[in-house]
Structures are given as structure tokens and as C-alpha cells.
Amino acid sequence: LLRDADGRIVGTLSSGLDVTEHRRAMAALQESEERFRTLFHGTRDGMLVADAASRRFVTANQAMCDMLGVSVDELRDLALDDIHPPEDLPRVLEAFERQRRGELDVARAMPVRRRDGSVLRADISSSAVALGGRACVLGVFRDITARLEAEEAHRQLQAKVLEAQKLESLGVLAC
């Protein structure tokens, strides 16, 4: 309040700040985060972010946690070496480094070890990303185990059919 020499209120002094643009920016940020969450958590493929230098996991979506049989908190205590069979680590680490450098888009049929010790096969697409100011690798894991098993069963069936045809042509089989 502004007062005259006798103490009577003669006016007011105020200031204001237009926060319209700030509110628009905050709404756009919230919408962007919601879209990200929807995509990250809504896909059936496993998504995993690893620190490029330490190869320790930063975060993952629920599909990745389900694939491995771990929680998100448990996953943050793991590194690349923890989710692949030891005998396959040289090949896995080479593919990781090539993907980190942008030389390889998809590492095919990579073995991934679940918490229970079973192994699935995954095609892993990845790209270099920055997260929180650090270099990371975003990997998208597509479980192809069932497809590979079906292909192997199909190959075995074809081999049996060919063998039966060969035996039949030699007159060994009589129908």
C-alpha cells in the first residue's frame, strides 16, 4: 500500500510475472514424459539402458525385467556380464562395443541368461544415447527363442522327410 504523509492509503504498488509461457512449457514437458513412459513401458520388447563405460545397467522397462526374472531395482545392481553366459561373454562384449561405436545395428541371437539360469536368445538392437550427461547404450531385446526352436523343429522334420523319401526311392520302405 502507498500512503500519504498522514498515513492514508493513496494507492498500491504491485508487480506481476506472466507465467503463461512457463505453464505451456511445463504442460509440453509433462506430455513428452507421458509419451516416453507409454512407449518405454508399453512395448513387449525388453528395453535396457547401460552405462557405456562401466556396462552397468541404468534402467530398464518392465518387459526386460520380466524377460530376466528380476525387478527394476535388482536390475540396477547388475551389469552386462551378469546377464550373459560366461562362455559367451567374449562375443557379447565384442558386439556391445561394436554397437556402442555405431558399427553394428543388431546383434543376432545373443544368449541372455535369466535369473533361474535358463537361457533365451534375443536379437538386440541398440544405439548410443546420452542419459543424465553420461554416454549410454540403449538396447532393445527381442526374444527369438520360440522362433529359433520352431525353425529347428522344422529343419529336423524336413530332414526326416528327405530321409524317408530317399529310403522310399531305394525301395527300402514299402507302403
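Gain in length, residue 15 to residue 76, computed as 0.36 nm per residue apart minus the alpha-carbon separation, to one decimal in nm?
So the chain would gain 17.1 nm between residue 15 and residue 76.
Taking a temperature of 10 °C and a viscosity of 1.306 mPa s, what whole-number D in µm²/s does Stokes-Einstein yield for segment 11-56 with Rh from Kirkwood over alpha carbon pairs?
Once the numbers are plugged in, D ends up at 109 µm²/s.
Give the ranking of 80, 17, 148 by solvent-accessible surface, highest area first, calculated with a 1.4 Å probe.
So, going from the largest accessible area down, we get 17, 148, 80.
Could you pull the accessible area for residue 160 with a 1.4 Å probe, rounded to 10 Å²?
Counting only protein heavy atoms, the figure is 140 Å².
Over segment 1-140, with the other protein chains present, what is the accessible area per residue in square angstrom, probe 1.4 angstrom?
Solvent-accessible surface per residue comes out at 64 Å².
Roll a 1.4 Å probe over the protein heavy atoms and report the accessible area of residue 31 in Å², nearest 10.
Result for residue 31: roughly 100 Å² accessible.
Using the Cα centre as the reference, give the magnitude of the dipole from point charges on the C-beta atoms of the chain (Lys, Arg: +1; Asp, Glu: -1; all else neutral), rounded to the nearest 20 debye. Write out the running numbers ahead of the final one.
Values: 25 positive and 29 negative charges, 34 e Å.
In debye, rounded to 20, the chain gives about 160.
Can you tell me how much longer the chain between residue 115 and residue 149 gets when fully stretched, taken as 0.36 nm per residue apart minus their C-alpha distance, in nm with one decimal? Kindly include the intermediate steps, with their values, before the conclusion.
Values: separation 34, 0.36 × 34 = 12.24 nm, distance 2.09 nm.
That pair, residue 115 and residue 149, stretches by 10.1 nm at full extension.
Subtracting the Cα-Cα distance from 0.36 nm times the residue separation, let me have the gained length for residue 165 to residue 62 in nm, one decimal.
The residue 165-residue 62 span can extend by a further 32.2 nm.
Tell me, rounded to the nearest percent, the portion of alpha carbon pairs in the chain spaced more than 21 Å apart.
Looking at the chain, the distances longer than 21 Å represent 64 percent of pairs.
Got a number for the accessible area of residue 115? Probe 1.4 Å, square angstrom, nearest 10.
Number for this one is 150 Å².
In segment 1-60, carbon and sulfur make up what percent of the accessible area (probe 1.4 Å)?
That share works out to 53 percent.
Grab the beta carbon distance between residue 33 and residue 142, set R0 = 25 Å, and tell me the FRET efficiency rounded to 0.05.
The calculated FRET efficiency here is 0.50.
Let me see the pair-distance distribution of segment 76-143: every alpha carbon pair, 10 Å bin width, integer percents in order.
Reading upward from the zero bin: 21, 54, 24, 2.
Per DSSP H run of n ≥ 4, the term is -39500 (n - 2.57); total these for the chain, divide by its residue number, and report the mean residue ellipticity at 222 nm rounded to 500 deg cm²/dmol.
The per-residue figure over the chain is -13000 deg cm²/dmol.
Where the centre of each part is set by its Cα atoms, how far does segment 83-114 sit from segment 135-172, in angstrom?
23
May I ask you to derive the relative contact order of the chain, considering only C-alpha pairs under 8 Å and at least 6 residues apart, and to give it as an integer percent? Provide the component values of the computation, followed by the final result.
Values: 226 pairs, mean separation 28.0, N = 175.
RCO, the chain: 16 percent.
The values are calculated or read from the model by the stated rules, or taken from the named source; none is laboratory data. Keep in mind that what you see is a predicted model, and the values were worked out from it rather than measured. We place every Cβ from the backbone using ideal geometry, glycine too, and count neighbours over all the protein chains shown. SASA here: full protein model, heavy atoms, side chains in, ligands and nucleic acids out. Shrake-Rupley method; radii C 1.70, N 1.55, O 1.52, S 1.80 Å.
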